[in-house]
Amino acid sequence: MSLSPLKRLFAPDPGKPDGPGSLLIDGREVPVRYRSNAQARRIIMRMEKNGQGIVLTVPPGTSAQAAHEFALTQAAWIWQRLVPEDHEQLSETLIGRSITIRDTEHVIELATGRGAPVHLRDLPSPQLVVRGDASHMRRRIADFLKREARHDLEKASRGYAHAMQVEFSRISVRDTTTRWGSCSSTGTLSYSWRLIMAPPNVLDYVCAHEVAHIEQMNHGPEFWKLVYRHCPHTDFARNWLKRQGHTLHKLPV
Ligand SMILES: [Zn+2]
């Protein structure tokens, strides 16, 4: 692994000096444990015994921010010593867990033999069936959900573009953390694939909202008039996103 990806490093949460925190290094969340030690003259860092995290021993009174920033400067050192995650074990923990897809709980089941690598089954009860070896199961499920999301997002966006008599240029489906959707000045609609796990009316509203931006690049009264005229469940969806939107990021995948 070259060190260049480390330039993309950023810090999600400095944590508390005596509490857990984490560093994000090249997309991998590395747990950080802090220990205050009266003897320590400076911040001392070591790897956890299992090689999956770091321990920072800090002099009393050291701020979480300072300790965290120190750890960030050592990202290359940490990366070289990190033990690869056990994919087999990570995937095992997914089996039997449930995941909400289009507002319906699906239990993750492992299947053997030939067939689609991932598919949905409704009977006898809703299941997300995954085939193949346990490694990369997480990624296979995420890829499958992204494709399902794209399908629903394209369908809803096309419907609203037709109804509002506007045209968009293309659709991009990503794992966004701060917004559920956006509309660029060139007419590209971007959406979070995690909307597939929300009630279908919520995904539908986000499409109405973004398509309406092609006509109205603002959140003024005319914009909202357009959205409400075409999307009757706007209030429901906005409330849902406000109250429960964060749950879409707390998933096993
Ligand atoms: Zn907007």
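The values are calculated or read from the model by the stated rules, or taken from the named source; none is laboratory data. Just so it is clear, the structure is predicted and the values come from calculations on it, not from any experiment. For neighbour counting, all protein chains shown are included, and Cβ atoms are generated from backbone atoms with ideal geometry for every residue, glycine included. Ligands, DNA and RNA are excluded from the accessible area calculation, which covers all protein heavy atoms including side chains. Shrake-Rupley method; radii C 1.70, N 1.55, O 1.52, S 1.80 Å.
Along its first, second and third principal axes, ordered by size, the stretch 145-249 spans 31, 26, 21 Å in Cα coordinates.
Comparing 122, 133, 204 in a Gaussian network model of the chain (Cα springs below 10 Å), the most mobile by mean-square fluctuation is 122. In the stretch 155-215, the portion of solvent-accessible area held by carbon and sulfur atoms comes to 44 percent [1.4 Å probe, whole percent, DNA, RNA and ligands not counted]. Computed in the context of the full set of protein chains, the accessible area of the stretch 87-141 at 1.4 Å probe radius has 51% of its extent on carbon or sulfur. Taking one quarter of the surface of the C-alpha convex hull of the stretch 87-141 gives a mean projected area of 3.6 nm².
For the stretch 156-168, putting each phi into the Karplus relation 6.51 cos²θ - 1.76 cosθ + 1.60 with θ = phi - 60° gives couplings of 5, 5, 4, x, 6, 4, 5, 5, 8, 6, 10, 10, 10 Hz, in residue order, rounded to whole numbers and with x for Gly and Pro.
On a per residue basis, the convex hull of the C-alpha atoms belonging to the chain measures out at 176 Å³. Amide H contacts for residue 106 (H built 1.01 Å from N in the peptide plane; partners 5 or more residues away or on another chain; cut-off under 5 Å): 99, 100, 101. What you get for the stretch 87-141, charging only the Cβ of Lys and Arg (+1) and of Asp and Glu (-1), is a dipole of about 200 debye around the Cα centre.
The GluC sites (Glu not before Pro) of the stretch 149-253 that DSSP puts in a loop, and whose beta carbon has at most 12 other beta carbons within 10 Å, are 167. Solvent-accessible area per residue in the chain equals 57 Å², computed with a 1.4 angstrom probe and all protein chains kept. Of 110, 195, 56, which is the most mobile in a GNM of the chain whose springs link Cα atoms less than 10 angstrom apart? In the Gaussian network model the winner is 56. What's the longest bit of the chain with no exposed trypsin sites (Lys or Arg not before Pro), using DSSP loop states and at most 10 other Cβ atoms within 10 Å as the test? That gives 115-249 as the longest site-free run.
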